[in-house]
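The values are calculated or read from the model by the stated rules, or taken from the named source; none is laboratory data. Model, not experiment: these values are computed from the prediction. Cβ placement follows ideal geometry from the backbone for every residue including glycine, while neighbour counts extend to all protein chains displayed.
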Amino acid sequence: MGTIILLLLAAVLAWPRGSLPPPPAPVADAPATAPMAADSLRALYEGGRPFAEFLAAARSRRDQWHLHYRVAQIPDSLLARAHAVEGTWHLLAVAEDWCGDSANTIPYLARLAELVDGLDMRVIDSHTGRGLMEAHRTPDGRPATPTVLLLDAAWNEVGSLVERPAPLMAWFQAHRADMSSEKLHEYIFDWYDQDRGVSTVAEIIGMMEAARAQGPVRF
């Protein structure tokens, strides 16, 4: 040990006076996750379940899932925007029946898909969709359900919604440090009850409009 210390001291003394050894090279940031290939997204979608099948199999939060699907209505203004986009679109949803955020968003998207020609949806579980969740984390770095990808006619990803619609996610990020978990979730589910899926649906339609305006995606 004494020999190592003497060698380190000698190395420091050898540097010219007034200078310091160069700092270590910075660690490069991890590269951004590359978009999943369209054929892989298509395979995940085609292996998923139609919402009706997912709903029939739901056990956790079963009443909540059925209630939200039963009462789901799309405001005329949003429906008109969705119809105006035209084209073919796919919603690939990673969801679990026990997830409260899923139960408060996915039924409304299912209703939207039923009402808009050219839009359809399939649901996969979090095991099958783990790669998608890892690639589309929440602002605080968590893989979460639901993770919903909007795919275009060529099966390219053109948008995503993770865990909660943007207004609610922004509120959560702003208040998560100064509220108890109980109070946070009380507010979240009160918000969902008042919003009735409108923000979720509007966010997805906005993605469709943006993707249509930008043209085909090429990776």
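Some points to look at:
- Of the residues making up the range 38-64, those that are assigned to a loop (DSSP other than H, G, I, E, B) and touching a helix residue (DSSP H, G or I) at 6+ places or on another chain (Cβ under 8 Å) are Ala58, Arg61.
- Verdict on Leu92 being touching a residue at least 12 places away in the same chain (Cβ under 8 Å), touching a Leu at 6+ places or on another chain (Cβ under 6 Å), within 25 Å of Gly47 (Cβ to Cβ) and not polar (S, T, N, Q): yes
- Check on Ser126, among the small types (Gly, Ala, Ser), free of Cβ contacts under 8 Å to residues at least 60 places away in the same chain, within 22 Å of Met208 (Cα to Cα) and out of contact with any Leu (no Cβ under 6 Å at 6 or more places or on another chain): no
- Pair list, Cβ < 9 Å and 6+ apart or interchain, from the range 168-194 residues that are closer than 16 Å to Cys99 by Cα and without any contact (Cβ under 8 Å) to a residue 60 or more places away in the chain to residues that are of a type in the set (Lys, Arg) and surrounded by fewer than 13 Cβ atoms within 10 Å (Cβ to Cβ): Leu184/Arg176
- Looking only at the range 45-63, and only at residues there that are in contact (Cβ under 8 Å) with a residue 40 or more places away in the chain and farther than 17 Å from Ala113 by Cβ, the one that is surrounded by the most Cβ atoms within 10 Å (Cβ to Cβ): Arg61
- Among the residues of the range 66-86, not a single one is crowded, with 18+ Cβ neighbours inside 10 Å, of a type in the set (Asp, Glu) and not in a helix (DSSP H, G or I).
- Residue-level check: of (1) surrounded by 10 or more Cβ atoms within 10 Å (Cβ to Cβ); (2) modelled with pLDDT under 95; (3) not in a loop (DSSP other than H, G, I, E, B), Pro35 misses just (3).
- Scanning the range 78-117 for residues that are under 30 Å from His185 (Cα atoms) and hydroxyl-bearing (Ser, Thr, Tyr) returns Ser102, Thr105, Tyr108.
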